[in-house]
Amino acid sequence: MLSTQAAAVANRLGSVIDGKLVRTKISTPLGSMIAVADDAALFLLEFENRVALTGELRRLERDFGLIGSGSNTVLEMLISQLDDYFAGESADFQIPTTQHGTVFEESVWRALRQIPPGQTRSYGDIAEVIGQPAKSREVGQANGANKISLVVPCHRVIGADGSLVGYGGGIWRKKWLLDHERRYAWTSFEHS
């Protein structure tokens, strides 16, 4: 049974959540990642050693029930698209996602998905894009609250001075991801 808050979030996002979340571990060149999804959407994709991961998993279990191990269509799609990404074939993640956040956070996450691979934007740039130019600090907080790494590409956000700052997976991974994307410079990128 969904908590009242989770049901409201699911209803607001128009997501079909049946309460059957599945968790899997995915090997990547940067270390293992943990993914959680139901049959309709991806809820979480984080590096296994991220400090906040345990709390994020607990929150999902509190809101949506026990998380089983296994796979489903969304996770299979994710694994295939991650393989393409790390092989340099595509950076266009077409995975349905569900994150519950504030209206502001959700607007930031949508803006992140519009940053083309290999390019970066500052927190201030994102604040401008979402029509809140004075809220670059809050954009940084929303960026940090993102629980769907790579698919919602928070690694593409940098400091105003161009420095690599604030990535939950570690700055070394952020640098690797940006270098990887620049190396392949995908010409086709479409994301709605």
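Looking across the range 98-149, the residues that are aliphatic (A, V, I, L, M) and in contact with an Asp or Glu (Cβ under 6 Å, 6 or more places away or on another chain) come down to Ala142, Ala145. If you check Val36, Val108 for being modelled with pLDDT of 90 or more, part of a strand (DSSP E or B) and surrounded by 12 or more Cβ atoms within 10 Å (Cβ to Cβ), only one passes: Val36.
If you go through the range 62-72 and keep only what is part of a loop (DSSP other than H, G, I, E, B) and either touching an Asp or Glu at 6+ places or on another chain (Cβ under 6 Å) or touching a residue at least 60 places away in the same chain (Cβ under 8 Å) (or both), you end up with Gly65, Asn72. Can we say Pro133 is in a loop (DSSP other than H, G, I, E, B) and within 18 Å of Asp92 (Cβ to Cβ)? No; evaluated as a whole, the condition is false for this residue. Candidates in the range 54-97 are the residues that are within 15 Å of the chain's Cα centre (by Cα) and of a type in the set (S, T, N, Q); of these, the one that is farthest from Lys135 (Cα to Cα) is Gln81. Every condition in (1) at pLDDT 95 or above; (2) more than 14 Å from the chain's Cα centre (by Cα) is met by Val51 except one, and the failing one is (1). Tell me, please, whether a residue that is among the hydrophobic types (A, V, I, L, M, F, W, C) and more than 16 Å from Asn146 (Cβ to Cβ) can be found in the range 87-108. Checked against the condition, which is being among the hydrophobic types (A, V, I, L, M, F, W, C) and more than 16 Å from Asn146 (Cβ to Cβ), the range 87-108 yields at least one hit. Hey, does the range 73-86 have a residue that's modelled with pLDDT of 95 or more, not hydroxyl-bearing (Ser, Thr, Tyr) and not in a helix (DSSP H, G or I)? Scanning the range 73-86 turns up no residue that is modelled with pLDDT of 95 or more, not hydroxyl-bearing (Ser, Thr, Tyr) and not in a helix (DSSP H, G or I). All of (1) at pLDDT 95 or above; (2) under 15 Å from the mean Cα position of the chain (by Cα) hold for His100 with one exception: (1).
Restricting attention to the range 171-190, does a residue exist that is buried (at least 18 other Cβ atoms within 10 Å of the Cβ) and assigned to a loop (DSSP other than H, G, I, E, B)? Checked against the condition, which is being buried (at least 18 other Cβ atoms within 10 Å of the Cβ) and assigned to a loop (DSSP other than H, G, I, E, B), the range 171-190 yields no hits at all.
Among the conditions (1) in contact with a strand residue (DSSP E or B) (Cβ under 9 Å, 6 or more places away or on another chain); (2) surrounded by fewer than 17 Cβ atoms within 10 Å (Cβ to Cβ); (3) closer than 21 Å to Met77 by Cβ; (4) not hydrophobic (A, V, I, L, M, F, W, C), the only one that Gly159 does not satisfy is (3). Pairs only if they're at least six apart or on different chains, beta carbon under 6 angstrom, first in the range 159-181 and under 14 Å from Gly140 (Cα atoms), second in a helix (DSSP H, G or I); list them, first residue then second. As it stands, the answer is Ala160/Gly124; Leu164/Ile171; Leu164/Lys174; Leu164/Lys175; Tyr167/His155; Tyr167/Lys174, since those pairs meet every condition given.
The values are calculated or read from the model by the stated rules, or taken from the named source; none is laboratory data. No experiment lies behind these values; they were computed from the predicted model shown. Virtual Cβ from ideal backbone geometry, glycine too; neighbours counted across all protein chains shown.
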